[in-house]
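This report refers to the structure that appears directly beneath it.
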Amino acid sequence: MSLDVRTITEDDLPNWIRARRTGYVQSPTPSKTEVAFRRELMDLARAQGAFDAGRCVATYRSFTQRLSVPGGASVTANAVSNVSVSATHRRRGLLSRMIDRDLREAAERGDAAATLIAAEYPIYGRFGFGPATRVTEWEVDVFRTGVDPRHAGPGDGGRVDYVDVAELREHGPALYERVRAVRHGLVDRTDVWWRRNTGALPMDDAPWTEPSAVVHRSAEGTVDGLLVFTADDRWEAKLPHQTATVLDLVAVSPAAERALWLFLLSVDWITSVRTGYRAPDDLLPDLLPDPRAARVVTDADLLWLRPLDVPALLEARTYPVAGPLVLDVTDPAGPGGASGPAAGRFLLDAGPDGAGCARTARPADLTLPAAALGSLFLGGESAVRLAALGRVAEERPGAAGRADALLRTGRRPWCADVF
Ligand SMILES: CC(=O)SCCNC(=O)CCNC(=O)[C@H](O)C(C)(C)COP(=O)(O)OP(=O)(O)OC[C@H]1O[C@@H](n2cnc3c(N)ncnc32)[C@H](O)[C@@H]1OP(=O)(O)O
């Protein structure tokens, strides 16, 4: 079977979207609106397709993403999305061909890492990706929380105000960037993201429903948090039984975060709250007088990270304590079985204000595959635990514990968006 795997052109786009929809088991034919949306969204120079006698049978695209890291800086990541191979062409190496090329180009460009949200867990480990952030979703039984339904709002001089989507578009982007500086694991939101999520840019022909939105303002009047939610308008026997679903809740300060949860939990008629994908250590359950009112409905990996430029990655973040650590990174995932871009032995000279990292000939403290470094980098996973799982090898006794002292973070990393 001769398959042409190549970068797509503008003319290929409807055929390419059809293949992506087919691979995702969706109704195949895209609407004109979806084609127009993807034309605006996609960087065609970084979109690949596989073509069999002119029919697109596999899709893949990547784009430049900014990922916030511990300490508040961001690294440039090669974000991978829209991966699909039609069921007629699976397990013949099409994904492997597309991802090998893309990761090689990303490494040549100097991207520090590649990122993705894995549809299924077993797909991407072989390509050097490791799960780097987790999410928890809760369903909250509002009456059991113990939150005073007469809760009147923030008591510290702050305030909560309803906003319309135009105001959300006005305040959201700058606020979210401030949140990214205090919360590692978050990825940047483009102008297309904001327009799509505020109804200004339709993705397809499905009607868009305007959500409810509020912002929190600090005592000084600065917008420092936002909450976007929908409710399902359900009544039973003349009693309100509405479930609110959180689409977005981000805040610069813990006070704003607490105020926004308490606001939502005291909106009349809302008896249940679905939180959406939150950090596993979200303030929510323990903010409640009765945390057991929040039942976990999802607990899963979310963002996967693949190191490409190990020194650039490790130098971008800060570390809670100072100290050296020598990492021997194995990366057999290069094209044709050659060593991948993350392979090598690196001396990390870490500290609270930053770090240096360079190749070294010194003996290693830990030997680990690139995927394990991807899991450890944002501080959400423990080297001691990975050693116990057999995924990290200690070359010196206690090295995994020392790695944890350097790499782990007080708050868990959180990626709020699925891309
Ligand atoms: C970031 C994102 O976009 S996530 C979305 C991913 N897409 C989907 O899940 C849609 C449905 N699935 C698909 O389209 C395809 O099955 C894909 C894209 C997951 C895999 O594409 P393929 O072309 O079949 O993968 P390829 O042939 O290169 O497989 C490489 C290896 O990974 C393995 N593999 C591929 N997919 C899977 C999977 N879903 N589960 C377990 N192993 C897998 C293959 O068996 C193969 O291993 P081997 O070399 O030991 O035999």
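The values are calculated or read from the model by the stated rules, or taken from the named source; none is laboratory data. Because the structure is predicted, anything quoted here is derived from the model rather than measured. Don't worry about glycine lacking a Cβ; one is built from the backbone with ideal geometry, like all the others, and counts go over all protein chains shown.
Some points to look at:
- Scanning the range 370-384 for residues being in a helix (DSSP H, G or I) and of a type in the set (Ser, Thr, Tyr) gives a total of 1.
- Contact annotation: residue pairs with Cβ atoms under 9 Å, 6 or more positions apart or on different chains, pairing a residue in the range 343-359 that is in contact (Cβ under 8 Å) with a residue 12 or more places away in the chain and over 14 Å from residue 319 (Cα atoms) with a partner that is surrounded by 19 or more Cβ atoms within 10 Å (Cβ to Cβ) and hydroxyl-bearing (Ser, Thr, Tyr), are 343/330.
- Applying the set (1) at pLDDT below 95; (2) in contact with a helix residue (DSSP H, G or I) (Cβ under 7 Å, 6 or more places away or on another chain) to residue 1 leaves exactly one unmet item: (2).
- Complete set of residues in the range 344-370 that are aliphatic (A, V, I, L, M), closer than 29 Å to residue 410 by Cα and either surrounded by fewer than 17 Cβ atoms within 10 Å (Cβ to Cβ) or under 26 Å from the mean Cα position of the chain (by Cα) (or both): 348, 350, 355, 358, 368, 370
- Being more than 27 Å from residue 306 (Cα to Cα) and surrounded by 15 or more Cβ atoms within 10 Å (Cβ to Cβ) is true of residue 140.
- Pairs, first among the charged types (D, E, K, R) in the range 79-103, second within 7 Å of the ligand (Cβ to nearest atom) and not in a helix (DSSP H, G or I), C-beta under 8 Å, six or more apart: 102/80
- Of the numbered criteria (1) without any contact (Cβ under 8 Å) to a residue 40 or more places away in the chain; (2) more than 16 Å from the ligand (Cβ to nearest atom), the one residue 160 fails is (1).
- Checked against (1) within 11 Å of the ligand (Cβ to nearest atom); (2) crowded, with 23+ Cβ neighbours inside 10 Å; (3) not β-branched (Val, Ile, Thr), residue 86 passes all but condition (2).
- Among the residues making up the range 24-55, those that are free of Cβ contacts under 8 Å to residues at least 40 places away in the same chain and surrounded by fewer than 15 Cβ atoms within 10 Å (Cβ to Cβ) are 25, 26, 27, 28, 29, 32, 39, 43, 45, 53, 54.
- Residue under evaluation residue 20, criteria (1) more than 16 Å from the ligand (Cβ to nearest atom); (2) buried (at least 18 other Cβ atoms within 10 Å of the Cβ); (3) among the basic types (Lys, Arg), criterion not met: (1)
- All of 244, 255 fail the test of being over 23 Å from residue 185 (Cβ atoms) and either part of a helix (DSSP H, G or I) or touching a residue at least 12 places away in the same chain (Cβ under 8 Å) (or both), apart from 244.
- The single residue among 134, 104 that is more than 14 Å from the ligand (Cβ to nearest atom) and either under 20 Å from residue 379 (Cα atoms) or touching a Lys or Arg at 6+ places or on another chain (Cβ under 6 Å) (or both) turns out to be 134.
- Options 275, 330, 318: the member that is more than 19 Å from the chain's Cα centre (by Cα), within 30 Å of residue 226 (Cβ to Cβ), of a type in the set (S, T, N, Q) and modelled with pLDDT of 95 or more: 318
- Residue in the range 233-247 that is under 27 Å from residue 183 (Cβ atoms) and among the aromatic types (Phe, Trp, Tyr) present: no
- Filter result for residue 308 (in contact (Cβ under 8 Å) with a residue 24 or more places away in the chain and in contact with a helix residue (DSSP H, G or I) (Cβ under 6 Å, 6 or more places away or on another chain)): yes
- Per this entry, residue 115 is counted among residues that are within 15 Å of the ligand (Cβ to nearest atom), out of contact with any Gly (no Cβ under 8 Å at 6 or more places or on another chain) and closer than 17 Å to residue 310 by Cα.
- Failed condition for residue 327, given (1) surrounded by fewer than 23 Cβ atoms within 10 Å (Cβ to Cβ); (2) out of contact with any Cys (no Cβ under 6 Å at 6 or more places or on another chain): (1)
- Odd one out for residue 339 among (1) in a loop (DSSP other than H, G, I, E, B); (2) touching a strand residue (DSSP E or B) at 6+ places or on another chain (Cβ under 7 Å); (3) surrounded by fewer than 16 Cβ atoms within 10 Å (Cβ to Cβ): (2)
- Test: residue in the range 62-78 that is within 13 Å of the ligand (Cβ to nearest atom), at pLDDT 95 or above, surrounded by fewer than 24 Cβ atoms within 10 Å (Cβ to Cβ) and of a type in the set (D, E, K, R): no
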